[in-house]
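None of the figures in this text is laboratory data; all of them are computed from the coordinates on show. All values derive from a computational prediction rather than experimental measurement. When we count neighbours, we look across all protein chains shown, and the Cβ atoms used for this are built from the backbone with ideal geometry, even at glycine.
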Amino acid sequence: MIKVSKGLRHLIKTIGLAVGNVTNVAVLLCLVFVTFTVAGMELFGLNSNADYLENDANFFTFYITFMMLFRAQTGENWNGIMHDCYT
């Protein structure tokens, strides 16, 4: 099918050329997330007032902090995190 369709060949070639750039952006984004995860854990991890935060939105462990930042970045119920912080 790829041999027959000239447009599909161009599309596959373009995707192949773009993979390197997408990889660079993904690595940079992960580096930013790790930086903010460590900073968040350092600043807010030992906060004694953080008992009201839910189990999947706190700064106590690296994984949960990373997932919470990813959740806020993608917009997946970020307002729920904000409401939990102000109750």
Projected onto the charge dipole of the chain (unit charges on the beta-carbon of Lys, Arg, Asp and Glu, signs +1, +1, -1, -1), the Cα from N21, L69, M82 with the largest positive-side position is that of N21
Relative contact order for the chain using alpha-carbon pairs under 8 Å, separation at least 6, rounded to a whole percent? 22
Distance (nanometres) between label positions extended 7 Å along Cα→Cβ at M67 and N24: 3.3
Max mean-square fluctuation residue, GNM over the chain, Cα-Cα springs under 10 Å, options G16, G75, G40: G16
